[in-house]
2 protein chains.
Amino acid sequence: MRLSELSARSGVSVATVKYYLREGLLAPGTPVTARQSDYGEEHLRRLRLVRALLTVGGMTVQQARDVLAVADDPAFGWHERVGIATYMLGPRVEPPEEGAPERELWDEVAAEVRALLTELDWRVYDEAPALAALVRAITSVRSLGYRGEMADIRRYALALHPIAEEEVAVIDGYPVLEEAIEATVAYTTLYEPILLALRRLAHEDASARRHEGGPGGAEEGGRPTATA
Amino acid sequence: MRLSELSARSGVSVATVKYYLREGLLAPGTPVTARQSDYGEEHLRRLRLVRALLTVGGMTVQQARDVLAVADDPAFGWHERVGIATYMLGPRVEPPEEGAPERELWDEVAAEVRALLTELDWRVYDEAPALAALVRAITSVRSLGYRGEMADIRRYALALHPIAEEEVAVIDGYPVLEEAIEATVAYTTLYEPILLALRRLAHEDASARRHEGGPGGAEEGGRPTATA
């Protein structure tokens, strides 16, 4: 197909496709004339993936290039070639500087988290950005004076793992690598606000049941209007 | 206690305490001299809560005032007096304008969500901001061409509810209203990044197991370095 058809079928403007070509995010087509190239289905697939990495995944061009480099490298296994995309999703969390006062709490929490993952036998690379994000979040809880005990974290981990297994099973319904990467990026990012909203609604229900409040509850003393 | 002790014990600067007093977020103390007032433990509790609403909860002064107004109103039941704080937590999502093209998908998804909550018998007020947030998130998934079926949403809801029940049980360990509100704000907001990070780590483990990848996996073809 020509560039115009590639653009039309992918929903990506011609100008943007040319940009991706210049940036090396898309392989050149087969030259047909001095000015036109021919593109195949693999270009359409790759284009759709690039778009997902940049827009849904919020990646920079360099990050997208890194993801594609690993995806294209047969030396890596399927798990790594698909999973690298999730490493490029935000947010990127850095530990405090060595020697900074907050570093001590960071190291303490990091050690507890590593011990917990070992206990749970979770196969996670040390470089997984979500590890640093988890450590940072737990240090926030503790430094504000709230509980952030590994017993709590373990309960969440055990409750979330079955959900994650099902999600990975859905990703495995995409046997073409680019589509599996795209689905991974989409499911990881787009479902986060769904999970957070459902959790808040579940809290509301659980609280209503315990205190006989909420719509129709015996103790419903009135519905506060959520203003401003 | 004097203002200086209230400041010292709460960790809130004298200038900020005075600001809260001016804004009506804190009740005046009992005047002792023309220039000094006396503050009690209830001021310390209220001050701690105000700080949590504004900093951890990220609320505006007006939102904090609304939370406190409901908290102080005995006409409301416990469930509402504690829960109103979660209504003031971000993000605030508005439906598309009536008549806008996106409104049709919104209404369709909103109807499906309401039907699901009825089926699950979740006692949630129509005004719950998390409802709009959930609808917005699902419309995003669908308008980008991904699955966002109620069957998926139901599975997440059922898996998350037990976690939510345990969290509400922890909140109930704070029988003093201000402390329960503060704990609710803290657990709702500070644990969100913990849950999201744990989900990503669980994905990584589930994927490693399915594809025999990851640290020590049979198919570990190399560890991609997460750059930039």
Of these, B:LEU105, B:LEU6, which one is away from chain A (no Cβ under 14 Å) and touching a Leu at 6+ places or on another chain (Cβ under 7 Å)?
B:LEU6
Checking B:GLU165 against (1) in a helix (DSSP H, G or I); (2) open to solvent by 10 Å² or more (accessible area, probe 1.4 Å); (3) more than 7 Å from every other protein chain (Cβ to nearest Cβ), the condition it does not meet
(3)
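What about A:GLU212, is it over 26 Å from B:PRO175 (Cα atoms), modelled with pLDDT under 95 and at the interface with another protein chain (Cβ under 8 Å from one of its Cβ atoms)? Working first, answer last.
Working: over 26 Å from B:PRO175 (Cα atoms): no; modelled with pLDDT under 95: yes; at the interface with another protein chain (Cβ under 8 Å from one of its Cβ atoms): yes.
The answer is no for A:GLU212.
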Counting only residues in the range B:183-203 that are open to solvent by 10 Å² or more (accessible area, probe 1.4 Å) and among the charged types (D, E, K, R), the one farthest from A:ALA164 (Cα to Cα) is identified as B:GLU192
Condition first: open to solvent by 10 Å² or more (accessible area, probe 1.4 Å), at pLDDT 95 or above and within 7 Å of another protein chain (Cβ to nearest Cβ). Now tell me which residues in the range A:132-148 satisfy that.
A:ALA133
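A:ARG155 - would you say it is part of a helix (DSSP H, G or I), at the interface with chain B (Cβ under 7 Å from one of its Cβ atoms), open to solvent by 20 Å² or more (accessible area, probe 1.4 Å) and not aromatic (Phe, Trp, Tyr)?
Details: part of a helix (DSSP H, G or I): yes; at the interface with chain B (Cβ under 7 Å from one of its Cβ atoms): yes; open to solvent by 20 Å² or more (accessible area, probe 1.4 Å): yes; not aromatic (Phe, Trp, Tyr): yes.
Criteria met by A:ARG155.
Do you know which residues across the range A:105-131 are charged (D, E, K, R) and surrounded by fewer than 17 Cβ atoms within 10 Å (Cβ to Cβ)?
A:ASP107, A:GLU108, A:GLU112, A:ARG114, A:GLU119, A:ASP121, A:ASP126, A:GLU127
The values are calculated or read from the model by the stated rules, or taken from the named source; none is laboratory data. These numbers were taken from a predicted model, which means no experiment stands behind them. Cβ: placed from backbone, ideal geometry, glycine included. Neighbour counts: every protein chain shown. Heavy atoms of the whole protein, side chains included, go into the accessibility calculation; ligands, DNA and RNA do not. Shrake-Rupley method; radii C 1.70, N 1.55, O 1.52, S 1.80 Å.
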